[in-house]
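Student: My questions all concern the structure below.
Values quoted throughout were computed directly from the atomic coordinates according to the rules given, and no laboratory measurement underlies them. For clarity, every value in this text was computed on a predicted model and none was experimentally measured. Cβ placement follows ideal geometry from the backbone for every residue including glycine, while neighbour counts extend to all protein chains displayed.
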Amino acid sequence: MDEADFRHAIQASNQDPIPRDIVLQVCLAEQGAKAVLQRLYREVEILAPLLARDRAVVRLVFEGDGLARLEASERADLLRSLAQHFSLVPNALAPEAGDFEGCDVLGLGPSAASRFGDCLALNATDPVAYCRSLDQGRLPIVEMLTNSNQRA
C-alpha cells in the first residue's frame with residue numbers, strides 16, 4: 001500500500017452508507033513545534049479535501065507537549081484552521097470519556113496514526129522527516145498496515 005491507497009481508503013469511507021464519525025488527532029511534539037506547525041497546515045490542506053464536508057469530527061485530541069510551546073495566538077490560529085477545514089461538532093474539544101471505537105481517525109503531525117476502515121497509516125516520527133515529506137508535496141506516511149496485520 002502507498003499514499004494513493006490511503007487516499008482511496010479515505011474516499012471509500014466517505015461512500016459508506018452511513019459514514020463513520022471522525023476523531024481528529026493532532027500530534028505536536030515539543031521538539032521543533034514551531035517548524036512543524038507550518039507543515040501541519042500543509043498536511044491539513046492535503047487531507048481535508050479528501051473527506052466529505054459533512055463528515056462530523058466528534059472529537060479533537062491534541063497529543064504531545066508541543067501545543068504548550070506555542071503562543072496563545074498560534075494555538076488560536078490552529079484551532080480556527082481546523083474548524084475551517086473540518087466539520088467540528090460544538091463539543092469536540094470537551095474532555096469526555098466516550099467510545100470512539102467505531103470512528104475513523106485522522107492523525108495529523110509527527111507520530112500521528114490514521115485509521116480508515118482496515119487501513120492504518122503511520123506518519124514519520126522524526127520531525128525533520130515529517131517536514132521534508134510535506135515540503136516535497138507528499139504525505140508524511142512511513143508505514144501502512146491493514147486489519148490483516150500485514151505490513152504494506
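Student: Could you list 62, 6 in order of exposure, starting from the residue whose Cβ has the fewest other Cβ atoms within 10 Å?
Tutor: Result, fewest neighbours first: 62, 6.
Student: Calculate for the chain the 222 nm mean residue ellipticity that helices alone would give, adding -39,500 (n - 2.57) per DSSP H run of length 4 or more and normalising by residue count, nearest 500 deg cm²/dmol.
Tutor: -10500 deg cm²/dmol
Student: What area, in nm² and to one decimal, does the C-alpha convex hull of the chain cast on average over all directions?
Tutor: 8.7 nm²
Student: Continuing with the same structure: Starting from 0.36 nm per residue, how many nanometres of slack lie between residue 38 and residue 143 once their C-alpha separation is accounted for?
Tutor: 35.5 nm
Student: Let me ask another. Extension gain residue 87-residue 135, at 0.36 nm per residue separation less the Cα-Cα distance, in nm?
Tutor: 14.7 nm
Student: First select every other residue whose beta carbon is under 9 angstrom from the beta carbon of residue 134; then total the charges, Lys and Arg +1, Asp and Glu -1.
Tutor: Net local charge, residue 134 excluded: +2.
Student: Antiparallel versus total DSSP beta bridges in the chain: what percent is that, nearest 5?
Tutor: The antiparallel fraction comes to roughly 45 percent.
Student: With label points built 7 Å along Cα→Cβ from the Cα atoms of residue 113 and residue 5, find their separation and express it in nm.
Tutor: Label at residue 113, label at residue 5, 1.7 nm between them.
Student: Over the chain, what relative contact order in percent results from Cα pairs under 8 Å that are six or more residues apart?
Tutor: 29 percent
Student: Along the Cα→Cβ direction, 7 angstrom out, place labels at residue 53 and residue 12. What is the inter-label distance in nm?
Tutor: 2.6 nm
Student: More than 12 Å apart: what percent of Cα pairs in segment 99-142 qualify?
Tutor: Here the tail beyond 12 Å accounts for 58 percent of pairs.
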